[in-house]
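Reviewing the structure listed below.
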Amino acid sequence: MARPARLQPYFWLLPALTLFCVFRLYPLLFGLFLSLHKWDGMAPMAFVGLANFREALFEDSLFWLSLSHNAIYAIGTVIGKNVLALALAVILNAELRGRAFFRTTLFMPVVMSLVVVGILWSWIYNYQFGLLNNLLQRIGLGNFQAAWLGSTHLSLYSLIIVDIWKFFGYHMVIYLAGLQAIPPVLYEAAVIDGAAAWRQFWHVTVPMLRAIMVVNVTIALMGAFNVFDLVYVMTRGGPNNSTNVVVLESYQQAFEFYKLGYGAAISIVLMLIVIALSLAQIRLMRGGRAEEYN
């Protein structure tokens, strides 16, 4: 094969590799480099080694508070999105009149901008003229009215509900694809054996969707620990840091307090935590699947 012919595949890959290196690889490497330095964006960088990591892990209580908020956020959104998405996927996978309309409608929040979603739900949660409090008042549940984004006890959970509403349609579509790939003969065999609908779901649907569940849970977990837009638009970490999350803390340290090296170190720590959690979750779920087949 002539040399130009051998090099042709690399020329086809060159645009994608260039974009990857410029927008992915270089920022990651520069972030690692920056995390080892003290820099305010103007003065010369000063090498400090692991001092930024030591400050984040052992001296900054706000970092651990933010991480605990991410953990609560992850538990709420991962469970909420996957349970709701799977339930709706099962319903919409059946022979239901108008199911194409319902699939499209339920997926619509996914394509909306996170900024638009944040502003929309800020109006819904507004204490004085928000839709939620007015609805509670109209149906005789005025005692349940609250400052949903102004309460240190409710604000984080209010954001969790918005995140679930925004992304459950995305996970629903993935579950739908998995459901449609399950051979109908498995359900026919279950019916012949006298299995009720819930047994068919538990012993046929769930095992066959195990790989899809791994994908959905991993995506939801990564999203929960990288959440920024909704928090920034709706609460900016308030009130009293009750909704502060790690990415927002990194942003504030870097671009509001001009501690770019420290902000980069927080991001690197978060990246390592997300990788560790994702690998542990994938191994756990795949291990459970292997035990089933054994």
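Before moving on, here are some points about what is shown:
- Of all residues in the stretch 173-213 being surrounded by 15 or more Cβ atoms within 10 Å (Cβ to Cβ) and among the polar types (S, T, N, Q), the one that is farthest from PRO109 (Cα to Cα): GLN200
- Within the stretch 128-147, the set of residues being over 15 Å from LEU159 (Cα atoms) and either among the polar types (S, T, N, Q) or touching a Phe, Trp or Tyr at 6+ places or on another chain (Cβ under 9 Å) (or both) comprises GLN128, PHE129, GLY130, LEU131, ASN133, ASN134, LEU136, GLN137, ASN143, GLN145.
Each row is one residue, and each column tells you yes or no for (1) closer than 30 Å to ILE182 by Cβ; (2) touching a strand residue (DSSP E or B) at 6+ places or on another chain (Cβ under 6 Å); (3) charged (D, E, K, R); (4) part of a helix (DSSP H, G or I).
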| site | (1), (2), (3), (4) |
| --- | --- |
| LEU14 | no, no, no, yes |
| ALA43 | no, no, no, no |
| ASN52 | no, no, no, yes |
| ASN70 | no, no, no, yes |
| LYS81 | yes, no, yes, yes |
| ALA89 | yes, no, no, yes |
| LEU96 | yes, no, no, no |
| TRP123 | no, no, no, yes |
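- Scanning the stretch 90-118 for residues that are among the aliphatic types (A, V, I, L, M) and closer than 11 Å to TYR170 by Cα yields a total of 4.
- Answer residue from the stretch 1-39, given it is under 29 Å from ALA51 (Cβ atoms) and small (Gly, Ala, Ser) and is farthest from the chain's Cα centre (by Cα) among those: SER35
- Odd one out for VAL191 among (1) modelled with pLDDT of 90 or more; (2) among the β-branched types (Val, Ile, Thr); (3) in a helix (DSSP H, G or I): (1)
- Summed over the stretch 29-82, the residues that are among the charged types (D, E, K, R) and free of Cβ contacts under 8 Å to residues at least 12 places away in the same chain give a count of 3.
- Of residues in the stretch 141-178 being in a helix (DSSP H, G or I) and of a type in the set (Phe, Trp, Tyr), the one nearest to the chain's Cα centre (by Cα): PHE167
- LYS259 meets the conditions (1) within 24 Å of ASN216 (Cα to Cα); (2) crowded, with 19+ Cβ neighbours inside 10 Å; (3) of a type in the set (D, E, K, R) in every case but one. The failed one is (1).
- Among residues of the stretch 112-133 that are within 16 Å of THR235 (Cα to Cα) and crowded, with 17+ Cβ neighbours inside 10 Å, those with a beta-carbon under 7 Å from a residue that is at pLDDT 95 or above and among the small types (Gly, Ala, Ser) at least six positions away or on a different chain give the pairs TYR125/SER158.
- The stretch 214-234: number of residues that are surrounded by 22 or more Cβ atoms within 10 Å (Cβ to Cβ) and assigned to a loop (DSSP other than H, G, I, E, B): 1
- Matching entry among LEU159, LEU141 (being under 25 Å from ALA220 (Cβ atoms) and either surrounded by 13 or more Cβ atoms within 10 Å (Cβ to Cβ) or at pLDDT below 95 (or both)): LEU159
- Qualifying residue in the stretch 86-103 (condition: closer than 28 Å to VAL231 by Cα and either in contact with an Asp or Glu (Cβ under 6 Å, 6 or more places away or on another chain) or among the β-branched types (Val, Ile, Thr) (or both)): no
The values are calculated or read from the model by the stated rules, or taken from the named source; none is laboratory data. This structure is a prediction, so every number in the text was calculated from the model and none was measured. Every residue, glycine among them, receives a Cβ derived from its backbone with ideal geometry; neighbour counts consider all protein chains shown.
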